[in-house]
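Coordinate-derived values only; no laboratory data. The structure displayed is predicted, hence computed values, not measured ones. All Cβ positions, even for glycine, are placed from backbone atoms using ideal geometry, and neighbour counts span all protein chains on display.
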Amino acid sequence: MTKILCIGAGYVGGPTMAMIAKKNTNVQVTVVDINQQRIDAWNSDNLPIYEPGLDEVVNEARGRNLFFSTDVEKGIAEADIIFVSVNTPTKTFGHGAGCAADLQYWEKCARQILEVATSDKIVVEKSTLPVRTAAAMERILNSGRNGAHFDVLSNPEFLAEGTAIADLDNPDRILIGGHSTPEGKKAVQALVDVYAAWVPQEKIITTNLWSSELSKLTANAFLAQRVSSINSISALCEATEADVGEVAYAIGTDSRIGPKFLKASVGFGGSCFKKDILNLVYLCESYGLHEVAEYWRQVVKMNEYQERRFVDRMLKEMFNTIAGKRIALFGFAFKADTGDTRESPAILITRELLEENAEVVITDPQALKHAEQDLADVIDRVVFEPDPYKAAEGAHAVALLTEWKEYKELDYQKIFDRMAQPAFLFDGRNHLDHQELFGIGYNVYSIGKAPLKHI
Ligand code: UDX
Ligand code: ADP
């Protein structure tokens, strides 16, 4: 029986391995993590991440051919294929700080594999890594003297949070990068076989290692670029009388452009976009490609501009002062259907509102725990309230930052009646029915559209 190990039980490792175990009943899958609390949660009814449909997949496979453990060494010793899915955050220190990937967790992992392994292994990069990391890993792994041979593959994960299970079940493609040596090809085939259990062959793309590594960074850079592009146009729409939704629809019907990822918003968040673009920027810089680096850096700058612009607009429209005013933030997660708040625009927006001495109340159906951690240093100045009606009680403004479907279903008349007047509503996701809100009496501001104001 093939034994698969995954090191790192996070947002990528956990769901991906659960799906592999579900689809390959003849393969044993173990997910390990150094974080005992996380592993305990994976072994409980209360999984450590909120992801629609994940519970069912885990419940089906856990205990049958899916196991969660903290015994990293045992896992390594037994495995044939090792996925490495540890965190690779942006470096906060030294060379490349704020831009390059911090590879310390990855390297520690590689050294641990080398120390423990006594038989040949296929090591698969699942975390997003800078191009040519596989080469460094191969050098570390094949520097041992215990006779074991390691083949390194790149197999980036393209799942998006909130839709992870559907993305895993029916992926647009599976990408596997490896060497074209006989051993490399054999390793690639072993991984192809794992995915072929449910993914049609034509969707499994094999490339060389570097193309695979670079494709992941490029895919995220292109996706983020689309969001920044439409967000840049949203600013122009607000200045003119164009409507960004209409513009997005009109351009999206051109089959060369396509309709997806053209939703103007308060800004993109998530653990990948910013990190991967900065990684790409660093890579370009290190090859002396300064113009290319600057081109991609602009996508991140535009996103920061969009987040700040949202707060500036709130301030300006609320008579240039929000000191002492209660502002209810509806949503803190970086997108709907996740409890994840990494790089969420809500973090910067909260901090900017506090700078203006506003009284900030945060509500979110899944992300309040993470919000508390993100705002630990200012926790005394923020109220966390699970009930949106209570959050809006006495508020001068509601700012919708996450497109939770729950927020479409609220009774906005009831909310309006509890708010301070004049009541302001800033829709950072163009998620609500603005005419209806205006009819109730709100002054409504959205992204890239003309405001609907009573005053
Ligand atoms: C992304 C990639 O989609 C995925 O392929 C990769 O594996 C990891 O990074 P994720 O960050 O989970 O996934 O979510 P995604 O749906 O891409 O959204 C990222 C951010 O962009 C969110 O904050 C979202 O709200 C925002 N966004 C997305 C927009 O503002 N407008 C859009 O039209 C689309
Ligand atoms: P992602 O969103 O990419 O899945 P996360 O940060 O959610 O990333 O998960 C990465 C996980 O990897 C964390 O749970 C962390 O504890 C784990 N991890 C980091 N280094 C190691 C290591 N050397 N051995 C085992 N687990 C590790």
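Tabulated values for the structure
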item: Relative contact order (%) - criterion: Cα under 8 Å, at least six apart; region: region 212-316; result: 32 percent
item: Relative contact order of the chain, defined on C-alpha pairs under 8 angstrom at six or more residues apart (%); result: 11 percent
item: Equivalent-ellipsoid semi-axes of region 155-243, from the Cα gyration tensor, Å, largest first; result: 36, 16, 8
item: Sorted peptide list for 100-109, 136-145, criterion being average Cβ within 10 angstrom, highest first; result: 100-109, 136-145
item: C-alpha center-to-center spacing [region 328-354, region 199-236] in angstrom; result: 24 Å
item: Stokes-Einstein D for region 55-141, Kirkwood Rh over Cα pairs, 37 °C, 0.692 mPa s (µm²/s); result: 224 µm²/s
item: Two-decimal Rg/Rh across the chain, once Rg and the Kirkwood Rh are taken from alpha-carbon atoms; result: 1.00
item: For peptides 169-177, 237-245, sequence by mean Cβ density within 10 Å, most packed first; result: 169-177, 237-245
item: FRET efficiency for residue 78 and residue 393, using Cβ-Cβ distance with R0 set to 60 Å, rounded to 0.05; result: 0.60
item: Estimated FRET transfer efficiency when R0 is 35 angstrom, pair residue 34-residue 301 (beta carbons, to 0.05); result: 0.50
item: Alpha-carbon centroid distance for the pair region 383-455 / region 240-318, whole angstrom; result: 25 Å
item: Gained length - residue 193 relative to residue 1, 0.36 nm times residue gap less alpha-carbon distance; result: 67.8 nm
item: Computed label-point distance, nm, for sites residue 421 and residue 26 using a 7 Å Cα→Cβ extension; result: 7.2 nm
item: Ratio of Rg to Rh over region 319-431 (Cα coordinates, Kirkwood Rh, two decimals); result: 0.93
item: Tail beyond 16 Å, pair distance distribution of region 122-168 (Cα, percent); result: 49 percent
item: Sites residue 93 and residue 454 - FRET efficiency at Förster radius 45 Å, r taken between beta-carbons, to 0.05; result: 0.30
item: Extension gain from residue 107 to residue 208, taking 0.36 nm per residue of separation minus the Cα-Cα distance; result: 34.2 nm
item: Added length on full extension, which subtracts the Cα-Cα distance from 0.36 nm per residue, residue 44 to residue 246; result: 68.1 nm
item: Estimated Rh, region 258-331: Kirkwood, alpha-carbon pairs, angstrom; result: 14.9 Å
item: Residue 68 long-range amide H proximity, modeled H, under 5 Å; result: 31
item: Residue-averaged 222 nm ellipticity for the chain, from DSSP H runs of 4+ at -39500 (n - 2.57), nearest 500; result: -13000 deg cm²/dmol
item: Relative contact order of region 349-455, defined on C-alpha pairs under 8 angstrom at six or more residues apart (%); result: 19 percent
item: Alpha-carbon radius of gyration plus Dmax, which is the widest Cα pair, for region 66-224 in Å; result: 15.8, 44
item: Most to least packed among 85-96, 203-214 [average Cβ atoms within 10 Å]; result: 203-214, 85-96
